[in-house]
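A short reminder: the numbers here are calculations on the coordinates, not readings from a lab. Just so it is clear, the structure is predicted and the values come from calculations on it, not from any experiment. So basically every Cβ, Gly included, is an ideal-geometry build from the backbone, and we count neighbours across all protein chains shown.
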Amino acid sequence: MVTLDLGGWGAILIYNGHQKEISGNNPSTTNNIMEMTAVIEALKLLKEKCDITIHSDSAYVVNCFVQGWIENWQKNNWKTADKKPVKNKELWQEMINLLNKHVYKFVKVKGHSDNELNNRCDYLATNAIKSLENI
């Protein structure tokens, strides 16, 4: 069973010394969906082919690409190794479509540590949730 709660996401895009912060929320979601949404929304802002490095504290997102889960899911008609449907299939497909426009790599960062940019993304996500709580 999956519990749906308030959720927020945050991302920081950096290019040529410029930073752009984005964030958003969802009143009924999961942490994994918010982690995926942060990547998707950042990718949507890229207007031309780029060499990108995506830093994330989400093992779910990073491992999907670094460990090749995504290729296996696609080969197996969006089924996991234990033959269950892949969760969040539509989001994975959207992310793949956006990533395919770029040269990319994923880097796993430790969450809740001294990584300044990751901490800033957590702050953006938390503030996005707070805006839902005030409704």
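Structure data summary
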read-out	value
Filtered residues of region 96-118 (kept if polar (S, T, N, Q) and either surrounded by 14 or more Cβ atoms within 10 Å (Cβ to Cβ) or not in a helix (DSSP H, G or I) (or both))	Asn100, Ser113, Asn115, Asn118
Exclusive hit being touching a strand residue (DSSP E or B) at 6+ places or on another chain (Cβ under 6 Å) and within 16 Å of Ile33 (Cβ to Cβ), set Val86, Val62	Val62
In region 55-76, residue farthest from Asp5 (Cα to Cα) [restricted to those that are among the hydrophobic types (A, V, I, L, M, F, W, C) and touching a helix residue (DSSP H, G or I) at 6+ places or on another chain (Cβ under 6 Å)]	Ile70
Qualifying residue in region 31-45 (condition: outside any helix (DSSP H, G or I), under 12 Å from the mean Cα position of the chain (by Cα) and under 21 Å from Glu90 (Cβ atoms))	no
Leading residue by the ranking (nearest to the chain's Cα centre (by Cα)) among those in region 59-95 that are touching a residue at least 40 places away in the same chain (Cβ under 8 Å) and in a loop (DSSP other than H, G, I, E, B)	Asn88
